[in-house]
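The values are calculated or read from the model by the stated rules, or taken from the named source; none is laboratory data. For clarity, every value in this text was computed on a predicted model and none was experimentally measured. Neighbour counts are summed over all protein chains in view; Cβ atoms, including those assigned to glycine, are modelled from backbone coordinates with ideal geometry.
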């Protein structure tokens with residue numbers, strides 16, 4: 001299938017052949033009929049992507065500050081590598097479309113193959129021949145609503161949410177600033193609410209259209225104060241809706257001046273927000289921001305997992321705003337098609353963006369892309385190069401290409417050598433196309449089973465979200481592939497036991513390695529070399545920082561939480577240093593009234609090993625990022641050592657001391673991949689299966705200890 005993609009790094013646009021998305025259990029696959037190009041939002045995205053690196057930095061000073069802080073912790077080169085990888089992330093354009101359902105997920109009801117649906121949401125309702133859309137981001141289209149009208153569903157819902165924030169009442173006099181798509185629809189919605197409307201815009205053609213669509217009065221922005229005074233008989237506007245897009249602060253200032261005492265000012269567009277306090281204070285104005293399509297926006301549980309809000313408590317969610325907008329269109333109260341100025345076949349989509357960028361000198365407002373009906377849904381490997389695959393190399397099938405994979409795993413694999421990137425599977429064709437081309441993969445797909453069935457691939461890398469790991473590891477092993485899985489091995493004990501049962505019963509014993517990179521860090525290896533097999537005590541402090549509750553890592557069913565998903569790293573490192581297997585664990589955590597993060601994110605863990613060694617792991621979400629993240633102290637007979645954040649190691653042994661320094665962090669990523677290449681070649685595991693299995697068992701035992709308050713035997 002084909003999809004419109006833009007490079008965030010260079011700004012280059014193109015319609016590319018990519019694999020079709022896989023239908024998840026909480027959504028549907030939709031074959032697109034018509035999509036809307038949002039002249040405001042998409043022009044802003046395109047313009048930002050085309051800026052130079054300096055221009056992007058000026059536009060996002062908050063991100064520049066984050067980069068500087070990261071350089072202090074991880075070193076300049078490590079940070080820059082991650083920054084440039086992030087800049088390489090492609091942008092799927094579009095967020096509003098209509099199409100036909102071609103596949104339905106197992107947990108979706110009320111919709112069937114062949115139904116016509118309107119879809120919304122950035123990253124889902126893309127300019128693409130086929131889209132995967134979660135169940136809360138689409139609605140059925142009424143029979144009498146055309147594809148063209150239905151394709152406005154997202155923009156219409158943004159305007160509708162702005163109206164809900166405005167809370168207009170019959171007879172009120174309201175000013176709408178900015179008469180682009182949002183403003184024009186806002187005018188119609190206010191008229192449907194029985195309001196009098198004054199619209200303002202610089203473009204005379206938009207003023208004329210607003211009059212046609214129902215505005216009582218229109219004027220240029222420089223006339224709005226005088227016109228609003230006449231329009232309201234000197235009383236001031238009951239409300240002002242700002243639907244303009246400008247960095248200027250003028251709309252906010254003008255709104256304060258034309259509003260009556262105790263009026264509402266609602267910001268729907270993107271404008272300067274330096275509030276003139278005196279004007280707003282004296283009138284006790286109520287300033288509101290409208291959040292896109294409505295409740296549910298930016299909530300992954302609602303948008304990705306399809307968990308709806310109770311109807312009685314949240315009457316107007318994103319999806320219910322979609323429905324209400326289409327109902328108004330069906331009743332003829334909103335007429336989106338009257339705002340359409342241009343239509344293009346999808347194959348000529350770049351012409352639409354030439355229009356936005358001013359390369360085509362024509363007036364525009366609503367721009368539609370029309371799609372052919374003969375697109376087939378099929379799962380396959382899309383060949384993108386003729387690379388020769390060497391049979392004696394690590395021939396990789398990579399599942400997942402998130403930021404960590406692109407900035408850390410792939411670059412370090414390239415440094416190792418004797419590796420071939422053969423197949424790439426990602427959740428979206430956009431990511432597969434971008435990463436696949438950049439790193440010379442031979443094939444791309446969105447169905448990981450295609451990689452397991454490919455004979456050119458001998459090793460599968462699994463770097464997806466944690467809830468996918470157990471199943472994919474087991475299926476890859478059963479397919480006879482060597483497996484590298486980024487930690488954790490599994491987040492459910494049942495899956496862990498299934499992997500153990502299969503791995504111990506399988507005669508061929510393919511290599512299985514988990515991404516416990518820290519044991520391969522040069523400074524950690526120096527520690528092990530110095531201490532040998534002596535009984536020891538380890539203090540491992542981790543200044544981890546906060547991860548909010550709404551991030552997927554914190555979801556018990558997706559990320560498993562931070563103990564399963566990250567603390568396993570530190571348990572494995574201690575196991576490596578002690579040279580022994582854990583036999584018991586006890587854990588305790590901070591208890592606090594503040595539940596913005598789980599109590600278990602601030603945890604102290606004591607691990608006892610079979611050889612008598614102990615390890616205390618203190619993992620803190622609380623803290624301050626000016627302090628280094630990881631710090632290890634190790635004590636053994638006549639030996640003491642401390643390692644600070646994989647950059648400094650001091651060893652005190654006998655009467656001597658030694659110090660090691662790294663200019664940049666080396667957390668062992670290159671070392672772990674060297675060990676994997678060697679393991680695949682020679683059949684000797686870099687980390688024994690017993691250690692891999694026991695590390696996961698310890699994390700489950702930590703959670704049990706926190707619940708029971710008791711020591712857990714392993």
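Only one residue in 685, 649 is farther than 30 Å from residue 555 by Cβ, part of a strand (DSSP E or B) and touching a strand residue (DSSP E or B) at 6+ places or on another chain (Cβ under 8 Å). Which one? Even if it seems obvious, please write down each step before you answer.
On the way: 685 fails: part of a strand (DSSP E or B).
After ruling out the rest, the residue left standing is 649.
Restricting to region 287-342, give me the number of residues that are within 16 Å of residue 148 (Cα to Cα) and touching a helix residue (DSSP H, G or I) at 6+ places or on another chain (Cβ under 8 Å).
Here the count works out to 14.
Considering region 518-548 alone, what residues qualify as being part of a loop (DSSP other than H, G, I, E, B) and over 18 Å from residue 660 (Cβ atoms)? Give the steps one after another, and end with the answer.
First pass over region 518-548, keeping only residues part of a loop (DSSP other than H, G, I, E, B): 521, 532-536, 544-548.
Within region 518-548, 533, 534, 535, 536, 544, 545, 546, 547, 548 qualify.
Helices (runs of 4 or more DSSP H) wholly in region 272-389 with at least 3 residues that are surrounded by 18 or more Cβ atoms within 10 Å (Cβ to Cβ) - which ones? Lay out the reasoning, then the answer.
Details: elements: 277-283, 300-303, 318-330, 349-356.
Counting at least 3 such residues, we get 318-330, 349-356.
Name the one entry in 596, 508, 580 that is farther than 23 Å from residue 628 by Cα, crowded, with 16+ Cβ neighbours inside 10 Å and either out of contact with any helix residue (DSSP H, G or I) (no Cβ under 7 Å at 6 or more places or on another chain) or assigned by TED's automatic domain parsing to the domain that holds residue 471 (or both).
Working: 596 fails: crowded, with 16+ Cβ neighbours inside 10 Å; 508 fails: crowded, with 16+ Cβ neighbours inside 10 Å.
One residue alone meets the criteria, 580.
Which residues, counting only those in region 658-679, are closer than 19 Å to residue 641 by Cα and either in a helix (DSSP H, G or I) or over 31 Å from the mean Cα position of the chain (by Cα) (or both)?
658, 659, 660, 661, 662
Hey, does region 612-626 have a residue that's in a strand (DSSP E or B), without any contact (Cβ under 8 Å) to a residue 60 or more places away in the chain and surrounded by 14 or more Cβ atoms within 10 Å (Cβ to Cβ)? Break it down stepwise before answering.
Initial filter on region 612-626 (in a strand (DSSP E or B)): 614-620.
Then keep just the ones that are without any contact (Cβ under 8 Å) to a residue 60 or more places away in the chain; that gives none.
Checked against the condition, which is being in a strand (DSSP E or B), without any contact (Cβ under 8 Å) to a residue 60 or more places away in the chain and surrounded by 14 or more Cβ atoms within 10 Å (Cβ to Cβ), region 612-626 yields no hits at all.
Restricting attention to strands (runs of 3 or more DSSP E) lying wholly within region 117-181, give those where 2 or more residues are assigned by TED's automatic domain parsing to the domain that holds residue 214 and either modelled with pLDDT of 95 or more or crowded, with 24+ Cβ neighbours inside 10 Å (or both). So that I can check it myself, show each step before the final result.
Details: elements: 130-134, 138-140, 173-177.
By residue number, 173-177.
Could you tell me whether region 240-250 includes any residue that is over 20 Å from residue 39 (Cβ atoms), touching a residue at least 12 places away in the same chain (Cβ under 8 Å) and surrounded by fewer than 20 Cβ atoms within 10 Å (Cβ to Cβ)? Break it down into steps so the answer makes sense when it comes.
Initially, region 240-250 is screened for residues over 20 Å from residue 39 (Cβ atoms), giving 240, 249-250.
So of that shortlist, the ones also touching a residue at least 12 places away in the same chain (Cβ under 8 Å) come out as 240, 249-250.
Still in the running and surrounded by fewer than 20 Cβ atoms within 10 Å (Cβ to Cβ): 249-250.
The answer is yes; a qualifying residue exists.
With the structure loaded, tell me whether residue 510 is at pLDDT below 95, in a loop (DSSP other than H, G, I, E, B), touching a strand residue (DSSP E or B) at 6+ places or on another chain (Cβ under 9 Å) and within 30 Å of residue 577 (Cβ to Cβ) or whether it fails that test. Break it down stepwise before answering.
Working: at pLDDT below 95: yes; in a loop (DSSP other than H, G, I, E, B): yes; touching a strand residue (DSSP E or B) at 6+ places or on another chain (Cβ under 9 Å): yes; within 30 Å of residue 577 (Cβ to Cβ): yes.
Judged against the criteria, residue 510 is a match.
Tell me the residue from 46, 15 that is at pLDDT below 95 and assigned to a strand (DSSP E or B), please.
Working: 46 fails: assigned to a strand (DSSP E or B).
After ruling out the rest, the residue left standing is 15.
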